[in-house]
Amino acid sequence: METEQTITISKDITSNLEKLKDEFSNVFDFKTRKITFNNRPLCIAFIDTISNKDIINEKIIKVLLNIKLGNIMTDLPVSTISSTNCLNEIQEALTNGNTVLLVDGSNEAFIIETALFEVRSTSEPTNEKVVSGSHDGFVESLNKNINFLRSRIRSTDFKIEVLPIGDPGTNVGILYLDNIVNKDILETVKVRINSIQLENNLTTGKLEEFIEDSSLSPFPQILETERPDRVISNLFDGKICVIVEGSPTVSIMPASFFTFFQTPDDYNGRALIGTFLRIIRLFSFFLCITLPAVYISIVSFSYEILPYELVTTIQNSIEFVPFSPFVEAIIMQLILELLREASIRLPSPIAQTIGIVGGLVIGTAIVEANLVSNTMIVVLAITAVASFVVPVHEMSFSLRLLSFPMIILASIYGFVGIIFGLMLIFIHMVKLESFGSPYFSPLAPIRLKDLKDALIRVPNWKMKTRPTNARPIDTIQSNDTKGWKK
Amino acid sequence: MKKYHYITFLLIFFLTGCWDQHSLKDSALVLSIAFDQLTKDSIKATASVRTNISKGDQTEATNYIINDQGASVRDVRNNIDYQIPGSFSANKLLVMLLGENIAKNNLYPYFDNFFRFIRSPLTSRVAIVKGQASSIIEMKTYKDIFISESLSEMLEAGENISVIPKETQETIYKKMDDPGTDLVLPYLEKTDDETIKIKGVALLENNQFTGKILNNKQSKLLLLMQDKKSHTMSLSEQLGSNNEVISFKVKSIKRNLQIKNEKQPKVTIDLKIKIDLTEFTGEDLASDIKKKEIENKIAENIEKELKEVVSILQDANCDALGIGRYLMAYHPDTWKKINWEKDYSKVPFEVNTKVIMYTSGIIL
Amino acid sequence: MIIKQNETISSFQLFFYLVISQLNVAILTLPMHLYQESAYDGWISLLLSCLYSICTVILYSFLLKRFPNLTIFEICSYFFGKWLGGILKISYILYFIFIAYLINQFYLFIFSKWVFPNSPSWSILLLLFIIGIYLGKENIRTTTRFFQLSFWTFLIIFIFSVEAFQQVEWKFLLPVTQANFAQIVKGSYKSYVFLHGFECLLVLYPFVNSAHRKTIKSTILSTIFITMINLFTVVLCFIFFSKKEMRLIPEPTIYLFKTLTFFKELERLDLLFLSVWFFIIASSYVSYLNLANIGISNLIRKNRIYSTLTICFLIFLVGNLVPTSKGLIDILLKILSISSFIFIVLIPLLILCISLLFKLKSKEVNVS
């Protein structure tokens, strides 16, 4: 924020009011009310649409009119009151929804917090549904979000720092647990956030791009979520949470590859089920990237791999299709992406219809018109379903994106091309670092203690240490949770 | 100049027909092939190719038969290629049939192409056919199933009931060069216009068909002696006196093959078979004495038949039991002195059988 | 040598690096070479050569204990002065580049025979070239992380060979010692050449921040591990193939997979096996590139990217221009057997002797 010359207000209320009216000209919701207090004119200024009129009416105007004499600082039954003589602060306070009391004959103005910003009520985020677990989600107000989190962590170690970033400033909150978080990573995050100089509005997405290690990578390095329970469990792992005012999506950093495959469902359900679901999700990662490529390389290069019944079936279905499998795959993937993109914007009754249209028309009619073969549709349908299994939306998109180069590689080099593509992806992931911690840990570098939560989910009473991903300073998470069993 | 390079580099990635693509659409899927001897220098190959024809908006599978002649396997393959739409692909070959006459030559040259080519699977089954092998392939369908599938399933079923040993191109390759073992291959015959039968196994000596075969029962006994029972093996024996027939399933075999090596090698085979009774046309088996009697009678019969099998093997000079391999492994000095070609038929065999009845079905 | 804090690896990670550098294309042709020398007793030769490897590692252990913070390049210049040491340094760098080139040629030879019979050689080499550039310029820590991933692909040998045991003939191995002792020893020399890879320890030793004993322990463990894998493959090939086949098949391991099915669902396992093995071939190639890089950065103070690019491009070019044939591979193997003996055994032995005689040691330098 630039430091301007501090213009002070004068003792004369009318000139102050003139200055304010000048600044807020063409602002229809800038309201003022003149009353007398302490036998002097007192002006109450506020911005109508964002002030809590209850407080203004009951707690300020009513009280002032009742007591008629007294000290403003000590007599008003309001929770926060401060005084200033700087015009910039008064203007800033007004745009933040606060009420300003201008007293004639004093060059001190009083600022009372009366902000009331509209928020929608909380609801479960639509693209992060779980079966068992809490069903509330973050909203757009920073205060309410912090409210959700504080209600679950009632501890003095839960530190929250709010910094205004950018010009005009947006409030950005940095939350962490002091006794667990690694101070170096915290410093890095703060330094990176503070160095943002933006003259635009700040949203979570933009913030992430500014502080990420490598924005050009297809893999997200910061976890975005709208669920409080995800944030809580990550905070206890020593991660840092950043909330931007105005976005219901919060960012959690540092994130590793396996963080994107965890859901609260795993931990709330039974251990075996949690393990099974984890394995399915990791399997769907491979499936989504490689299945269309494997199909193309089988059909184009070496169909000898399959048993002969499958070979004759596939030959049956591709007999009259004019395109090569590569072109078929590209067509179908593009159509799927179009469908997916369209279905986001449609209101729900039409979305049902589009589902039927997509399924019947595209699936059946395209095959009957011999534009795409049957087996290709099966393969791509399974791929599409697999890509939606990934819990975090960004990662599932990245996977779908990655399947395109794999298709190209498979049609040039066959199976070796698929392995080559996988190698390039893995090399990229191994090189990637999210705020100093390796992206693909605990598989590369192998950290045996972390494996208990990455590939499988061991029962909660076995999770004695925290994952080392965020390099927490306190690694013991529980000593003995089954003390009753001797 | 630089931009031009980038564009060509990018365009490479859109070449959808790269060098090694072997598209499924352009392949003529050959699922079975039969070789016959035409003249001294040329062979005739008959192949059955799987294609699709479209009936309305459905495609239906069908196959067609093609044949040609040439000097060798690869040559005749090239010749067939000139006749068919698509390229000859024996990548999923299921069955390879050899006519009697062609099998009387050394078999190795007919397999060489399959072993050198990277795309040929070596898992296709091999069988020798009485007469002309092409006559079987030319049947096109057998019992309403396409000839390749039906042959392969027939051979597979035969392996499961332990009539024929499982011989694929790979296992043949291995045994071809082993001086201590000789091959036996399944023997098919087209008995009339509508029937193909497994007649037993053909005995080969030094990779050449001797002309002698073992019938079904004898080949089962051979497998018994080789200790290679598959899932099930059932036999029927006639028990002399009242023409009682007893049928049983062999449950487990314990075979002890010993080669005593004094002046000459002498082979002793001790077989202990546990059987499950499946049919008995005589009186009931309520008493234990009767059971013991039956067991002994079966053992006698089997011993006699096994001796017959051994004499046929020695006659054909076919070392199907792998005695030579045993000698190489355990008595290498004897092996060096012996000339196995001549001496095999003079080796005395002794077979002892013991039969134990395990269960007798759900009635006694 | 000044090593940055973020370039060190632990002895656990060293194990993976060494396994990858020892496990490359050699395993595919090893059974045939062993058979040529010592017939069906090749597995005994293999065990003997494992013994030689362990002895060499112990030799290194003595040598490197006296020079805890120096790579082999610096040891050379420490001992032999500027000019002779410089020549030795360059020859070591050339040796590592030569092995990377050898892996390249082998890869081209095998893949153009088995997987891509119709593709031009530049397209096959292009794959290795790109991986070389992408991964080769990283520091040791990142490449070791990647090797911890690619290590697991060795399991493919075991998964695919499950069905092989139905068709094996254990009697091929009997009687033991069909060949005489001299042939076994000759065979062990030949397989010793194929088992090399632990000389990476000479360069990597200063990067490992564990105790001396742990490092040597993990090196010996990696040698034993590789021997076990090779033993499995060699024995499996010997009991699977007959004499005639062993004589005729140049790559028995791959041929083995060609004939197997995977529970009747998949055939043509050789193609799948080779595709997955590409992982290890490329990783092995990169490991030698890394060593050459460290050497060059010791010599010239230039960025790693340029040296990687130059080496990879040179190998790519030479690989394209020289036509691959069996004759070329034989010549390369002969050069390998001579040069590996010199660089792996002779020169360290020499240095150790001089160091013991003149009681020369280097001071312990702290890692900055």
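Every read-out reported here was derived from the displayed coordinates using simple, explicitly stated rules and does not represent laboratory data. In this text, all values refer to a predicted model and were calculated from it rather than measured experimentally. Note that each Cβ is placed from the backbone with ideal geometry, even for glycine, and that neighbours are counted across all protein chains shown.
Computed on the Cα atoms alone, the convex hull of segment A:421-478 gives a volume of 75 cubic angstrom per residue. According to the Cα-based calculation, Rg over Rh for segment C:5-358 is 0.96, with Rh computed by the Kirkwood formula. Each semi-axis of the equivalent ellipsoid for chain B is √(5λ) with λ an eigenvalue of the Cα gyration tensor; in descending order they amount to 46, 27, 20 Å. Across q = 0.04, 0.08, 0.09 Å⁻¹, the protein assembly as shown modelled as identical point scatterers on its alpha-carbon atoms has Debye log10 I(q)/I(0) values of -0.35, -1.09, -1.26, in the order of the q list. Neighbouring Cβ atoms from other chains, within 10 Å of the Cβ of residues in C:246-255, number 1 on average. Taking N as the residue count of segment B:28-214, its C-alpha radius of gyration divided by 2.2 N^0.38 Å amounts to 1.00.
Placing +1 on the Cβ of every Lys and Arg and -1 on the Cβ of every Asp and Glu, with nothing else charged, gives chain A a dipole about its Cα centre of roughly 1780 debye. For segment A:39-194, the fraction of alpha-carbon pairs lying more than 24 Å apart is 52 percent, rounded to a whole number. Calculated over segment B:217-364, the projected area of the Cα convex hull averaged across directions stands at 9.6 nm². The value obtained for chain A, namely the Cα convex hull volume divided by the number of residues, is 203 Å³ per residue.
For segment A:240-340, applying the loop criterion from DSSP together with a ceiling of 16 other beta carbons within 10 Å to the chymotrypsin sites (Phe, Trp or Tyr not before Pro) yields A:F320.
Over segment C:5-358, calculate the relative contact order: mean separation of alpha carbon pairs under 8 Å at least 6 apart, over the residue count, as a percent. Averaging sequence separation for qualifying contacts and normalising by length gives 40 percent for segment C:5-358. Summing Cβ point charges (Lys, Arg +1; Asp, Glu -1) relative to the Cα centre of chain B gives a dipole of roughly 1080 debye. When Rg and the Kirkwood Rh are both derived from Cα coordinates, the Rg/Rh ratio for segment A:348-481 amounts to 1.12.
Quick check on the exposure proxy: order A:L455, C:L14 from fewest to most C-beta atoms within 10 angstrom.
A:L455, C:L14
Computed from phi, the 3J(HN,Hα) profile of segment C:136-149 under the Karplus parametrisation 6.51, -1.76, 1.60 (θ = phi - 60°) reads x, 8, 7, 7, 4, 5, 5, 5, 5, 4, 5, 5, 5, 7 Hz, with x in place of Gly and Pro. Computed from the Kirkwood radius of its Cα pairs, the Stokes-Einstein diffusion coefficient for segment A:286-438 at 25 °C and 0.890 mPa s stands at 147 µm²/s. In the protein assembly as shown, taking the dipole from charged Cβ atoms about the Cα centre, the farthest positive-side position among C:L125, A:P164, A:I13 is held by C:L125. Exposed loop sites were defined as GluC sites (Glu not before Pro) in DSSP loop states (anything but H, G, I, E or B) carrying at most 10 other C-beta atoms within 10 Å; in chain C the longest segment without such a site runs C:1-264. In summary, the convex hull built on the alpha carbon positions of segment A:142-255 has an orientation-averaged projected area of 6.7 nm². Across all directions, the average projected area of the convex hull around the alpha carbons of segment B:129-218 is 6.1 nm². Here's the picture: charge each Lys and Arg Cβ at +1 and each Asp and Glu Cβ at -1 in segment B:217-364, and of B:Q226, B:H331, B:I312 the one pushed furthest to the positive end of that dipole is B:H331. For B:N63, the residues whose modelled amide H falls within less than 5 Å of its own, excluding neighbours fewer than 5 places apart on the same chain, are B:T51. All alpha carbon pair distances within segment A:13-112 were sorted into 10 Å bins beginning at 0; the resulting P(r) in whole percents reads 15, 55, 28, 1. Distant-in-sequence amide contacts of C:L260, defined by a placed amide H-H separation under 5 Å and a gap of 5 or more residues or a different chain, comprise C:L269.
Measuring between alpha carbons in the structure, the pairs from A:K239/C:K214; C:K137/C:K186; A:K21/A:K144; B:K337/C:K244 lying more than 30 angstrom apart are A:K239/C:K214; C:K137/C:K186; A:K21/A:K144. Phi angles across segment C:238-249 convert, under the Karplus curve 6.51 cos²θ - 1.76 cosθ + 1.60 with θ = phi - 60°, into 3J(HN,Hα) values of 5, 7, 8, 9, 7, 4, 5, 5, 4, 6, 8, 9 Hz, Gly and Pro given as x.
D by Stokes-Einstein for segment C:282-342, Kirkwood Rh over Cα pairs, 25 °C, 0.890 mPa s: 184 µm²/s.
Per-residue Cβ neighbour counts within 10 Å put C:F238, C:F146, B:F280 in the sequence B:F280, C:F238, C:F146, beginning with the fewest.
Dipole orientation for segment A:142-255: of the candidates A:L149, A:S247, A:T203, A:L149 has the Cα lying most toward the positive pole (charges on Cβ; Lys, Arg +1; Asp, Glu -1).
Taking label positions 7 Å along the Cα-Cβ direction at both B:I145 and A:R192, the computed distance is 6.3 nm, reported to one decimal.
Scanning residues 5 or more positions from B:S27 or on other chains, those with amide H under 5 Å from its amide H are B:S87, with H placed 1.01 Å from N in the peptide plane.
Restricting attention to segment B:110-174, which chymotrypsin sites (Phe, Trp or Tyr not before Pro) occupy a DSSP loop and are surrounded by at most 14 other Cβ atoms within 10 Å?
B:F117
Each of B:V126, A:V361, B:V49 has some number of other Cβ atoms within 10 Å of its Cβ, and from fewest to most they run A:V361, B:V126, B:V49. Phi angles across segment A:214-231 convert, under the Karplus curve 6.51 cos²θ - 1.76 cosθ + 1.60 with θ = phi - 60°, into 3J(HN,Hα) values of 9, 6, 8, 6, x, 9, x, 9, 10, 7, 9, 8, 10, 10, x, 5, 5, 4 Hz, Gly and Pro given as x.
The alpha carbons of segment B:253-336 give a radius of gyration and a Dmax of 17.6, 55 Å, in that order.
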